[in-house]
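Let me begin by presenting the structure, written as structure tokens, before commenting on it.
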Amino acid sequence: MSPLRMRVARACPSYAVLLAAAVCLGLLSPSMAAAQEAPPIEAEATLDADQTTLGSHVRLLVTVRHPEDLLITAADPVTVEGIELVRREPETMVLEEASGGATTTFRFVLAGYELGPLQPGAIDLSWLREDGLTGATQVQPPAFEVMPVRAPDDQALRPLKPQAIVGGAPAAWVRPVIVAGAAAGTLAIALFAWVSLRKRGGEAEDDLPAPEMSPEDVARARLDALAAGGPARWTEYPAYYGAISLILRQYLEARFTFRATAFTTAELERRMSSAGVSRWQARLVAGLLTRCDAAVYAGVFPDPASADHDLTVAYEIVELSRPRPQLAEAVPA
């Protein structure tokens, strides 16, 4: 059927109704009405296998031979207990120039979930001719049998299958990032202690020891190490943003004493306000962690300038909670 004729046929589904009314009113002659009889249609349903096992796929093929001026559509097989329609594949139509007809083929993939013979449900076929006449027919697929994979007298024990991998496990980059972050934090602490001891070389031995690093100092040291080895290629962006996410979560956990590393980004956004995080800081954290998740899990990578800006935002988040020194009150003269 030409594209133009096909569009006319689809656009005039009510033509058959008008035609029937015209016959009833005597506007059409019996010879013209006879021309509207149902066209010859041959439908056949076959399976690619008559035996299968539980859950295995069976392909059902419906072949319809019809005149060229017909548009054929097929409904899904009627639902039958024990048989599941896995998917429906695109249909195809082939024109046969020698005979002036056409062949439309429909493909369905079925799976059986009960042992024994199973009979697929019937498939309704509808046709539309280019003059607006419509009709329907039905084709019954053959039955197939679901066979057991174990003989009835087989009582031998078999080894257990390997344990299934639980979904939702941490991504592959998490462990090396944790190790690298811990190493960077330890190195920063050791470096700070060494510098402090060098500066105090001339002081007395009974002086107080150098204060421990604050959570802000530890986070900044780790961000400095990350900035020194920033992403040079697109393939390094997941590890880069994964490290930013981990550093911020561990910083929030150390500063506000709640399990920031155990929450998703959405859960963390709801928890931060009750944990004492300021509203502005919480907004920065939620926005940055959302971009980190997009880079790590969805492969959405920003341009290099935006990646550098995100690292600056991480520094700002850390500094927003740094304790400010108390200014001494002025003593009146």
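The values are calculated or read from the model by the stated rules, or taken from the named source; none is laboratory data. Owing to the predicted nature of the structure, the values given are computational and were not obtained by experimental measurement. All Cβ positions, even for glycine, are placed from backbone atoms using ideal geometry, and neighbour counts span all protein chains on display. Keep in mind that these areas ignore ligands, DNA and RNA; they rest on the heavy atoms of the full protein, side chains included. Shrake-Rupley method; radii C 1.70, N 1.55, O 1.52, S 1.80 Å.
Can you tell me how much longer the chain between residue 279 and residue 49 gets when fully stretched, taken as 0.36 nm per residue apart minus their C-alpha distance, in nm with one decimal?
Details: separation 230, 0.36 × 230 = 82.80 nm, distance 6.40 nm.
Difference between extended and current length: 76.4 nm.
Over the stretch 217-333, give the accessible area per residue in Å² for a 1.4 Å probe, as an integer. Walk me through the numbers before you get to the answer.
Details: 6690 Å² over 117 residues.
Here the per-residue accessible area is 57 Å².
For residue 122, enumerate residues with amide H under 5 Å from its amide H, sequence gap 5+ or separate chain, H modeled in the peptide plane.
Placed amide hydrogens put 78 under 5 Å from residue 122.
Pop out the ³J(HN,Hα) list for the stretch 47-57 in order, Karplus 6.51 cos²θ - 1.76 cosθ + 1.60 with θ = phi - 60°, rounded to Hz; leave Gly and Pro as x.
3J(HN,Hα) across the stretch 47-57, in whole Hz: 10, 7, 7, 9, 9, 8, 10, 4, x, 6, 8.
If you put +1 on each Lys and Arg Cβ and -1 on each Asp and Glu Cβ, how big is the dipole of the stretch 57-97 around its Cα centre, in Debye rounded to 20? Mind dumping the intermediate values first?
Numbers: 4 positive and 9 negative charges, 44 e Å.
It comes to approximately 220 debye.
So if R0 is 22 Å, what FRET efficiency would residue 56 and residue 137 give, r being the distance between their Cβ atoms, rounded to the nearest 0.05?
Numbers: r = 30 Å, r/R0 = 1.37.
It comes to 0.15.
Starting from the Cα-Cα distance between residue 234 and residue 298, subtract it from 0.36 nm times their residue separation and give me the gain in nm to one decimal.
Numbers: separation 64, 0.36 × 64 = 23.04 nm, distance 1.34 nm.
Result for the pair: 21.7 nm of gain on full extension.
Roughly how many Å is it from the Cα centre of the stretch 233-300 to that of the stretch 60-101, as a whole number?
Centre-to-centre distance over Cα atoms comes out at 52 Å.
Mind running the shape call on the stretch 219-273? Use the C-alpha gyration tensor, a ≥ b ≥ c as the square roots of the eigenvalues: rounded below 1.5 for a/c, prolate if a/b tops b/c, oblate otherwise.
Values: a/c = 3.77, a/b = 1.74, b/c = 2.17.
Oblate, because a/c is 1.5 or more while a/b does not exceed b/c.
Assuming R0 = 45 Å, can you tell me the calculated FRET efficiency for the pair residue 99 and residue 149, based on Cβ-Cβ distance, to the nearest 0.05? Show your work: numbers first, answer last.
On the way: r = 46 Å, r/R0 = 1.01.
Rounded to the nearest 0.05, the efficiency is 0.50.
Highest mean first, how do 262-268, 69-75 rank when packing is the count of other Cβ atoms within 10 Å averaged over residues? Can you show the working numbers first?
Details: 262-268: 14.6, 69-75: 18.6.
Going from most to least packed, we get 69-75, 262-268.
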